[in-house]
Amino acid sequence: MKFIILIALFFCNYPLLATEFNVGTNAVRSAYDGDSFNVAFRLAHIDAPEIKGKCEQEKILAIKSRDFVRRYFKENKKIQLKVVTVGKYGRPIVEVRAESGYLNQLLLDKSLARPYDGGRKSWCE
């Protein structure tokens, strides 16, 4: 919820920076009340392991990756999102930046994700 509020505050304070984009209904995860809802985003340019992966190695790495992202959002006070495109499942594909760095690249640097080239590759090797 904190994440969505930060996005709303960012766009309210900088209306000239707001960009209109269409998302699919799959992107809207839940509505809290009449004026608050959660939208699912996907990070651009990277592929991260899946929590429900095919092997134990992928599942462990997925948890590390998830926990890193959670800490990133908890520790940074201001988040900047740049919508690159909308993915095939209707989710906005974004680049995320904050005072501690560019999240997409940080995940790559820490080997918690790998560059995404459009195909699904196994994490179980």
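The values are calculated or read from the model by the stated rules, or taken from the named source; none is laboratory data. What you see is a predicted model; the values in this text were computed from it and never measured. Every residue, glycine among them, receives a Cβ derived from its backbone with ideal geometry; neighbour counts consider all protein chains shown.
Listed here are the residues, each with its yes/no results for (1) in contact with a Ser or Thr (Cβ under 6 Å, 6 or more places away or on another chain); (2) at pLDDT below 95; (3) on the phi > 0 side of the Ramachandran plot; (4) in a loop (DSSP other than H, G, I, E, B).
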| position | (1), (2), (3), (4) |
| --- | --- |
| LYS64 | no, no, no, no |
| LYS82 | no, yes, no, no |
| LYS88 | no, yes, no, yes |
| SER111 | no, no, yes, yes |
| GLY119 | no, yes, no, yes |
Checking ALA113 against (1) out of contact with any helix residue (DSSP H, G or I) (no Cβ under 6 Å at 6 or more places or on another chain); (2) closer than 30 Å to GLU20 by Cα, which test does it fail?
-> (1)
What residue, among those in the range 72-118 that are closer than 18 Å to ALA48 by Cα and basic (Lys, Arg), is surrounded by the most Cβ atoms within 10 Å (Cβ to Cβ)?
-> ARG91
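Every residue, every condition in (1) within 12 Å of the chain's Cα centre (by Cα); (2) modelled with pLDDT under 85, yes or no:
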| residue | (1), (2) |
| --- | --- |
| ALA8 | no, yes |
| PHE11 | no, yes |
| VAL23 | no, yes |
| ALA31 | no, no |
| SER36 | no, no |
| ASP47 | yes, no |
| LYS59 | no, no |
| PHE73 | yes, no |
Hits in the range 29-43 - residues which are among the small types (Gly, Ala, Ser), assigned to a strand (DSSP E or B) and surrounded by 11 or more Cβ atoms within 10 Å (Cβ to Cβ) = SER36
